[in-house]
Amino acid sequence: MQGKERKWAYLTLHSKWDRTDLDIPIYRASARGRVVPLFKALTSSFCVNECLYCALRAPRSIARARWTPELLAEVGFKLWKSGLVEGVFLTSTVDRDPDRSMEVELETAERLRAMGFTGYIHLRVMPGCSRHLIARAAELANRIGVNLEAASSDIFGELCPDKGDYLNDLVKRLEWCVGEASRARSEGFNIDVDTQVIVGASMDNDLSFLELTWRLYRHRLLRRVYYSGFEPIKNTPLQQHPPCSRLREHRLYQASFLLRDYGFTLNDLNPLLDGRGMLPNASNLKLLYAKRNPELYPVDLNEASYDMLLKVPFIGPRTAKKLMKLRKEKGKVTPGDLKLLLGEARFRLAKLYVAVQGKSLVDFI
Ligand code: SF4
């Protein structure tokens, strides 16, 4: 919970448009090892749907409001111009109908670009919205995506009874995002696609999320799958349901990075899961994989494929690429090269799993 709170900062902006003070939510997104401040706004908090876990579900009695695209674009532009944010992340409820909600996001993005905004724009695509709106989003934004919310149609239907059909309104729209993003990229736009699922809001297990993630990454459909741990909200049907632990979220991210960046397959990870399809309580999944598969190690630094180098604990894509480059340039790499690349501490751990010219580096100092 605390970790999540640290992701947000709020600043009060004195508005010249409506003579009131505006509370501006700044979201500290993490991207490639650095923190990127974004103006993250819901274009509306009115929703026609009743998703069981959601603070904004229609029957819940809360104060609601709508941004106008004009004001949203003005505020976003002002924050970006003054260096307080690097981009704008727009999302919405289903306010009346999905196309109308999407149009408000698009009009805001269009206004921002017309004002000369060259920062990052992330648009959340509404389930069930029309394809031409997704096509426009792909030309205006740097990232688009539909939140799939669940790993399967059954669980989605249970959690979001009136949000649409999982396959048609969500999965198909996500595929449209991928298609339109790829068309836009071929025309010179800088755009990628993501999705988000809610973890722990039902009787789900890690395996179901990993199967979904594997399908999406294997076909190179997505830049990123986000796992949002469920948190119970008062006056919702799931208020008594236990929250998802931060550790579970963390383990899913770790496993998903192994699938996306480290050449692991679902078959590699499957034996690590317990009988309920849950990931083990281990701080380093790759290390656990190495311990459970001793026959694959040590990996020879001069013989191994790039994918196999990536399976060595404490060797990441950057180090593996440098090792391949060194092999090409010098003909072979030495234990000293690896030590230099990893640093003393990581080398001491990685050396248990590597060899040079058939000789294990366990005793190398
Ligand atoms: S559609 Fe979105 S905003 Fe509306 S209730 Fe469902 S999750 Fe909440």
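Summary of computed values
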item	result
Considering residues of region 257-277 that are exposed (fewer than 14 other Cβ atoms within 10 Å of the Cβ) and within 15 Å of Phe209 (Cα to Cα) only, the residue nearest to the chain's Cα centre (by Cα)	Thr265
Residues satisfying the stated conditions in region 100-129, i.e. in contact with a Pro (Cβ under 8 Å, 6 or more places away or on another chain) and closer than 26 Å to Tyr166 by Cα	Val104, Met126, Pro127, Gly128, Cys129
Top-ranked residue of region 202-250 - restricted to ones that are hydroxyl-bearing (Ser, Thr, Tyr) and within 23 Å of Asn284 (Cα to Cα), ranked as surrounded by the most Cβ atoms within 10 Å (Cβ to Cβ)	Thr213
Yes/no for Phe347 being assigned to a helix (DSSP H, G or I) and among the aromatic types (Phe, Trp, Tyr)	yes
From the options Ile144, Ile134, residue that is β-branched (Val, Ile, Thr), out of contact with any strand residue (DSSP E or B) (no Cβ under 6 Å at 6 or more places or on another chain) and closer than 19 Å to Ala181 by Cβ	Ile134
Cβ-Cβ under 9 Å pairs, at least 6 apart or on other chains, region 266-284 side more than 16 Å from Met203 (Cβ to Cβ) and in the same structural domain as Ser208 (by TED's automatic domain parsing), far side among the basic types (Lys, Arg) and assigned to a loop (DSSP other than H, G, I, E, B)	Asp268/Lys311
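Rundown of residues vs (1) among the charged types (D, E, K, R); (2) touching an Asp or Glu at 6+ places or on another chain (Cβ under 8 Å), yes/no style:
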site: Phe39; (1), (2): no, no
site: Ser44; (1), (2): no, yes
site: Val48; (1), (2): no, yes
site: Tyr53; (1), (2): no, no
site: Leu56; (1), (2): no, no
site: Arg66; (1), (2): yes, yes
site: Leu72; (1), (2): no, no
site: Lys81; (1), (2): yes, no
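The values are calculated or read from the model by the stated rules, or taken from the named source; none is laboratory data. Only a predicted model underlies this, so the values are computations on that prediction, with no experimental measurement involved. Glycine gets a Cβ as well: all are built from the backbone with ideal geometry, and neighbour counts include every protein chain shown.
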